[in-house]
Structure formats: C-alpha cells, structure tokens
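Throughout, read-outs are computed from the coordinates displayed, never taken from laboratory work. Everything numeric here is computed off the predicted structure, so don't read it as measured data. Neighbour counts are summed over all protein chains in view; Cβ atoms, including those assigned to glycine, are modelled from backbone coordinates with ideal geometry.
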C-alpha cells in the first residue's frame, strides 16, 4: 500500500509539472517573424504584343524552345502542316496564345499551303470554305494574321469575305502589313472585327545583333504609343535574342501581353 501511494504521489506530481509547463507555453507571446516586403514592380513603360510566325513545319528544338520563354507570347501556326495541330495544342497547354497564320496570295510567288491559301481568283464560296476549314483545323486559335498576302490584303472583295467569317466566328485579326497598300485593318474595322497592326518586323535579317536592334525599336514604339506589336519567326537567332533579352526588358518595365488583349 505504501508503495502504491508513493507511485500515485509521483504521478500526481508529474501531472502538476506538465500542467504548469503547458500554462507557461500558452502564456508565452508568439514569436514574430519579420516579413520581407516584395520588391516593388518597375513603373510600366509600355506594353508589347509579340507574334512568332510560321509554326507547324517542324517539331524541333527551335520550335519547342519558344515554349520556354517566360512571357505572354502569341504563336501564329500555319494550318495543314505535319506539326500544326500538335504544336497548337502544346502551346496552349503551356500557357501561350495561338492564332491562325493564314496563307494568302503574294504579289510575287506564293509558296506552298495549297490546301488553305487564299487566292484572288477563287470564287466567294471557295474562299469562305478555306477560311472556315483553317479555323476548324486549329480550334485553339482565337484569331488570325496573314502569312505573305501582299496581293490578297490589297483586294477589297477578299478582305470583306475574310472579315465576314471572322465576325461570325468571333475571332480577331492582326494585319501583318506585308504591303503598304493593305486594306485589311480598315476592312476589319468596317465589319467590327477586333483588329490591330504590326509595328515592327524583328528578323527580316537573321543576325542576332540586328534582331536585337529591332527589338529595341519595338520597345521605343511601346514607350511612345503605349502599346506596340512585333512579329518574329521560328528561327534560332530570334529564339536566342528573345530568351536573353525579354527578362531584361520585363525588369525595365516593359510588359509582354497576348495580342488578343491589344485589339479594338
């Protein structure tokens, strides 16, 4: 009995100590962790919409490399090629925007894309069929720009037919401006199709230094006008320049945005 009483006294003492320690823990004020404020964003200097043309021909390191650029870019995919559909799906899954890069008749030679190209001499129903088929081929696309098309975009009938289809399909149009005499943008506005135009081509010359100069010209337009739209192509030189310099430009206050946000 004496042993049992001693054990009970020992247990009671332990319970009192635990309760006392718990009270001490509860009563102690919480440790305050100093919060480090996030770095302030740089002042906005301009908004840039950047379209990269000519996806769909290949599934190579260059094409896939554009999917690693940390910016909102718009990829223009030519319908009907071996990798057009797969790239379109992969690009949208990776968080980028896709538009149809619609083949159109050139003043010079019109290259390839016979199944989809819009030629001046086609009847209305054939032109409409091809436009709708291109949109169906790339269902992820929410807009369209012209591939070549220096003759087609000067043709009022063709541009009116295109505008009518885009209006019905709720798509936007970016005029690549492959001719100074283009009627595309003004025709789209007549049909209330959201639209805008290309300001700068980045890579008419495939030299990294010259591409960088064009990129800086694009930022100058964005800073002056508020927004600017540039077009580049699926080329290793263009990829190298953009991967290197887009993060720098973002840190300097230039925002890259999908072109669908820059139409009106």
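Of note:
- Spin-label model, residue 68/residue 44: points 7 Å from Cα along the beta carbon direction are separated by 3.1 nm.
- Overall shape: oblate for the stretch 45-119, with the ratio a/c of the largest to smallest alpha carbon gyration tensor axis at 1.5 or above and b/c at least equal to a/b.
- Label-point separation, residue 204 to residue 220 (7 Å along Cα→Cβ), nm: 1.4
- Helix 2-27 vs. the chain, principal-axis angle (Cα, 0 to 90°, nearest 10): 40
- Working ranking of peptides 163-171, 98-106 by packing, defined as the average number of other Cβ atoms within 10 Å per residue, highest first, is 98-106, 163-171.
- The chain - percent relative contact order, Cα under 8 Å, separation 6 or more: 24
- Here the sum of -39500 (n - 2.57) over DSSP H runs of 4 or more residues, divided by the residues of the chain, equals -13500 deg cm²/dmol at 222 nm, to the nearest 500.
- Cα-based helix-to-principal-axis angle, 236-251 vs the chain, degrees rounded to 10: 50
- Annotation for residue 250 and residue 197: the two label points, set 7 Å from Cα along the Cα-Cβ direction, are 3.0 nm apart.
- Placing R0 at 35 angstrom, the Cβ-Cβ distance between residue 243 and residue 114 gives a FRET efficiency of 0.55 after rounding to 0.05.
- Between 0 and 90 degrees, the angle of helix 208-225 with respect to the longest Cα principal axis of the chain falls at about 80 degrees.
- The stretch 46-261 gives an Rg/Rh value of 0.95, both radii derived from C-alpha positions and Rh following Kirkwood.
- Taking 0.36 nm per residue of separation and subtracting the current Cα-Cα distance, fully stretching the chain between residue 129 and residue 86 would add 13.2 nm.
- Relative contact order [Cα under 8 Å, 6+ residues apart], the stretch 117-186, whole percent: 37
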